[in-house]
Amino acid sequence: MAPILTDLTTNAVQSGPQSGDMTAPTLSTHLSNTDVRERDLASVFHSWSAQGKISPLPIARGEGAKLWDFDGNEYLDFSSQLVNVTIGYQHPKVIAAIQEQAAKLVTIAPAHANETRAKAAELILSHAPEGFSKVFFTNGGADAVENAIRMARLSTGRDKVVSLYRSYHGNTGAAIVATGDWRRIPNEYARGHVHAFGPYLYRSEFWAETPEQESARALRHLERVVQAEGPASVAAILIESIPGTAGVLVPPPGYLAGVREICDRYGVLLIFDEVMAGFGRTGEWFAFDAYDVRPDLITFAKGVNSGYVPVGGVIISEEIAAHFDEEVFPGGLTYSGHPLAAASIVATLETMEEEGIVENAARLGREVIGPALHELAARHDVIGEVRGKGVFWAVELVSDPLTRAPLAAADMASIKSQLVARGLLPFVADNRIHVVPPAVITDADARRGITIIDEVLAGF
């Protein structure tokens, strides 16, 4: 199946052979994939990579849920990049808002009052639970977590933060040590971090057989960790409402409410990391909205403006915000609440409201993506489990459905390369394909992407 070729200057779409078989459409600069890749590798240091072993795919432009490389090949994006392009690429209202703000005031220091920044904070707070009063803006999700931890420690006078082994919270000092996956281990330079196991019934650490057992036993384990560490030393429990990179681990019944109860019992603050799951990804404005639980601090980034401009932040409860009315908060960032980022937030959230994008994410998960993935699981033994909601799904692959042994890394690499060759950009992590397209993807394109996954998995 050859990728669709698109003339990047006229948007005319034509079905055709691979770009190597014909004169490839180009941008006005006449760059090729090879040109851009060579320049990139010569000068750019890439994250999470051995620099000599990567071959990044050059991308020229995007629109909606689709991307095109410099050779004119079209790709359907099932990754939303790093699960952040919820509103799709190049939404005209967001682009126009950024351009308008750039023409008016391109930058201003955080110490000044700014109308666009205030409006962005007001819109964010309008979707937060009752009792949240302030927003602290950061440059992304990692420093949002960093500052939420700082607020928790300062407002409680305690030091320790309990987080989960199956988690990712960002690549800064405290955030990476709060992370549970392998990236924590070579970066453990921050103090006061403790980890526990969260619920994951398919690979239960607690010998559970039902979601209810998994929830109860995971909560008991978490409480024992808090008790063993000394409750008076624990400032906060930090968890992703739905762990994302760790596998879209939708919490079992009662788990998030139970974590809230543990926090209340010991005077510990509850921080929900909504960096990946928040602002529409799960079909809710915040993933925790589906569980009727109120945290004390909420971190956000990604979906709040679909990554059009780097931004993140902490949504702060009235109680914690009041702590810093007289006490100085010892933290800040040069670009906190940057006007271009704020303008992109305002336009994104207004557009999501006007166009029903959050509701569409819920519908896609309920009517299109979920049923199609479960149908795949019924036909492919290599699929061990499908889980998710909205436009936030994981397909866990196994070499043996009885032992649930994860599919080998070499097989996962082969699957990824075959998906890309068929024109699908996947998000692949460990032994999983995460199905996380923009929330504006059409039903037909969502089904087409899943059909491509079906074709590739038929060989395993």
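The values are calculated or read from the model by the stated rules, or taken from the named source; none is laboratory data. What you see is a predicted model; the values in this text were computed from it and never measured. Every residue, glycine as well, gets a Cβ built from its backbone with ideal geometry; the counts of neighbours run over all protein chains shown.
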Mind listing whichever residues of the range 76-102 are of a type in the set (Asp, Glu) and assigned to a helix (DSSP H, G or I)?
Glu100
Within the bounds of the range 265-275, is there any residue that is farther than 24 Å from Asn139 by Cβ, part of a loop (DSSP other than H, G, I, E, B) and free of Cβ contacts under 8 Å to residues at least 40 places away in the same chain?
no
List, please: which pairs have Cβ atoms under 7 Å, are six or more places apart or on different chains, and start with a residue in the range 93-107 that is more than 17 Å from Gly337 (Cβ to Cβ) and end with one that is of a type in the set (Phe, Trp, Tyr)?
Val94/Tyr308
Can you tell me which condition Thr156 does not meet? The list is (1) under 19 Å from Gly278 (Cβ atoms); (2) surrounded by 13 or more Cβ atoms within 10 Å (Cβ to Cβ); (3) polar (S, T, N, Q), and all the others hold.
(1)
Among the residues of the range 325-340, write down those that are part of a loop (DSSP other than H, G, I, E, B) and either among the small types (Gly, Ala, Ser) or touching a residue at least 12 places away in the same chain (Cβ under 8 Å) (or both).
Glu327, Phe329, Pro330, Gly331, Gly332, Leu333, Thr334, Tyr335, Ser336, Gly337, His338
Go through the range 56-65 and report how many residues are crowded, with 17+ Cβ neighbours inside 10 Å, closer than 15 Å to Pro438 by Cβ and free of Cβ contacts under 8 Å to residues at least 60 places away in the same chain.
2
Kindly provide the set of residues from the range 165-190 that are over 21 Å from Leu222 (Cβ atoms), touching an Asp or Glu at 6+ places or on another chain (Cβ under 9 Å) and surrounded by fewer than 23 Cβ atoms within 10 Å (Cβ to Cβ), ordered by number.
Thr172, Gly173
Quick check, is Glu214 assigned by TED's automatic domain parsing to the domain that holds Ser306 and either part of a helix (DSSP H, G or I) or within 21 Å of Ala228 (Cβ to Cβ) (or both)?
yes
